[in-house]
Amino acid sequence: MQRCLPVQVGCAAACDVLQKNGIVAIPTETVYGLAAKATEEHAVLKVFAAKGRPADNPLICHIADIERAAEYGELPPEFFALGARFWPGPLTLIVKHRGGIAPSVIANTGKVSFRIPQHEHIRELIRDVGVPLAAPSANRSGTPSATTAEHVARDFSEEMVPLILDGGASMHGIESTIVDLTPLEEGKPAYLVREGAISYEELSALVPLKRVQKLEEGMTVSPGLKHRHYAPQGSLKLFYGNIDTMSVDIQQQAGAKTVVIAASEMLEDFPESLQVLDGGPASDPRVAAHRFYDLLRHCDSLGATQIFCMTWPTDSAIGRALRQRQEKAAGLI
Ligand code: TXA
Ligand code: MG
């Protein structure tokens with residue numbers, strides 16, 4: 001069997017692998033996921049092993065139909081209100097676990113997270129498998145997420161991941177927005193754990209919501225917050241401020257193995273001797289988000305020891321999501 005199959009033709013083979021408790025890489029509108037049956041501990045353990053993922057970091061359960069979540073989670077009315085508005089789409093909701101999900105998926109949190117992805121074929125695949133698919137981003141733990149089938153193929157050997165469904169480049173290129181609904185039970189606002197394409201403002205219209213900026217002492221909101229994420233091999237330095245003067249700053253600090261990720265408008269400001277990649281238009285974080293992980297991976301393939309990357313405006317959800325991923329990748333947060 002060929003390892004990479006177009007998602008339109010590969011779902012039957014994927015269903016077979018998953019039902020035999022194997023793992024399959026799947027395209028989603030956010031990033032690629034590494035999927036296994038969420039109800040089978042030993043299937044899920046293969047995902048942790050392939051990624052090198054810390055056991056204390058739970059996985060998102062991907063479902064096709066909102067009603068199916070009730071079998072595994074205790075669902076407050078807000079779950080249905082948010083699901084009706086944003087699913088299928090880049091939103092993950094955390095609720096109390098009722099039972100049935102494998103222990104490693106929830107990583108001792110007592111909570112389970114759900115998301116309905118946008119790809120019609122993937123929802124069909126989930127229905128065919130018959131249980132939720134636990135799927136973290138399909139990258140080695142700590143490194144940039146995968147937004148194409150080629151990224152996944154480069155990160156994992158065929159032995160680890162025998163089948164990759166290819167759905168082209170992920171539409172958003174940045175992981176889903178995550179909201180923890182469990183505080184609502186105690187009359188407290190839900191937590192915005194991670195911002196993605198869906199904004200704080202859009203969610204706040206439907207549910208009382210608090211941002212979690214940083215993991216504080218004693219807080220167990222989402223174990224993923226404390227781990228290193230998205231990091232390229234070279235050291236990443238971010239540049240803020242005025243793009244008219246930035247190229248001078250960058251040139252002064254650049255070394256022999258520096259690769260620059262600059263806004264499209266800046267490309268001509270650099271000498272040819274410097275390796276410069278087009279991060280997207282300065283005013284459009286959507287394009288920049290879509291390219292970000294691919295560019296970090298490109299820097300790695302060029303052997304960059306230092307990556308200088310510009311930043312994009314944060315006046316939109318995707319802009320804030322991109323900035324958060326950039327700062328996390330740079331080790332600033
Ligand atoms: O867009 C996405 O969310 C992608 C696609 C594949 O769906 N998935 C993704 O998974 O980004 P991952 O594992 O890279 O990030 C999921 C985050 C982790 O930080 C994890 O700690 C948190 O979600 N999370 C998942 N389940 C949780 C739970 N039960 N309680 C608390 N946090 C949870
Ligand atoms: Mg991830």
* Asked: Of the numbered conditions (1) farther than 21 Å from Leu18 by Cβ; (2) more than 9 Å from ligand 1 (Cβ to nearest atom), Ile63 satisfies every one except a single condition; which is it?
  -> (1)
* To do: Could you please find all residues in segment 19-37 being more than 21 Å from the chain's Cα centre (by Cα) and either crowded, with 24+ Cβ neighbours inside 10 Å or free of Cβ contacts under 8 Å to residues at least 60 places away in the same chain (or both)?
  => Lys20, Asn21
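Matching residues to (1) more than 14 Å from the chain's Cα centre (by Cα); (2) within 24 Å of Gln8 (Cα to Cα); (3) at pLDDT 95 or above:
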residue	(1), (2), (3)
Pro54	yes, no, no
Leu59	no, no, yes
Ala64	yes, yes, yes
Pro77	yes, no, yes
Lys96	yes, no, yes
Val112	yes, no, yes
Glu124	yes, yes, yes
Thr147	no, yes, yes
* Asked: Which residue, of Leu45, Leu34, is within 23 Å of Ala321 (Cα to Cα) and among the aliphatic types (A, V, I, L, M)?
  -> Leu34
* Asked: Looking at (1) in contact (Cβ under 8 Å) with a residue 12 or more places away in the chain; (2) within 20 Å of Pro144 (Cα to Cα), which is the only condition Val287 fails?
  -> (1)
* For segment 149-160, which residues satisfy the criterion of being over 12 Å from Gly33 (Cα atoms), in contact with a helix residue (DSSP H, G or I) (Cβ under 8 Å, 6 or more places away or on another chain) and at pLDDT 95 or above? -> Arg154, Phe156
* To do: Scan segment 160-209 for residues that are small (Gly, Ala, Ser) and more than 16 Å from ligand 2 (Cβ to nearest atom) and report the count.
  => 8
* Asked: Any residue at all in segment 243-258 that is part of a loop (DSSP other than H, G, I, E, B), at pLDDT 95 or above and either within 16 Å of ligand 1 (Cβ to nearest atom) or not β-branched (Val, Ile, Thr) (or both)?
  -> no
* Asked: In segment 231-242, what count of residues is obtained for those that are within 22 Å of Lys51 (Cα to Cα), modelled with pLDDT of 90 or more and either within 16 Å of ligand 1 (Cβ to nearest atom) or assigned to a loop (DSSP other than H, G, I, E, B) (or both)?
  -> 3
* Of all residues in segment 106-151 being under 17 Å from Cys61 (Cα atoms) and basic (Lys, Arg), which is surrounded by the most Cβ atoms within 10 Å (Cβ to Cβ)? -> Arg115
* Would you tally the residues in segment 283-316 being in contact with a Leu (Cβ under 8 Å, 6 or more places away or on another chain), surrounded by fewer than 24 Cβ atoms within 10 Å (Cβ to Cβ) and in a helix (DSSP H, G or I)? => 2
* Asked: Do we find that Gly279 is surrounded by fewer than 21 Cβ atoms within 10 Å (Cβ to Cβ) and closer than 27 Å to Ala197 by Cα in this structure?
  -> no
* Asked: Which pairs have Cβ atoms under 8 Å, sit 6 or more apart or on different chains, and link a residue in segment 125-139 that is more than 16 Å from Asn21 (Cβ to Cβ) to one that is away from ligand 2 (no atom under 16 Å from the Cβ)?
  -> Arg127/Ala64; Arg127/Asp65
* To do: Among the residues of segment 132-159, write down those that are within 29 Å of Glu71 (Cα to Cα), more than 11 Å from ligand 2 (Cβ to nearest atom) and of a type outside the set (A, V, I, L, M).
  => Pro132
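The values are calculated or read from the model by the stated rules, or taken from the named source; none is laboratory data. As the structure is a prediction and not an experimental result, all values here were calculated from the model. Cβ coordinates were reconstructed from backbone atoms using ideal geometry, including for glycine residues, and neighbour counts include every protein chain displayed.
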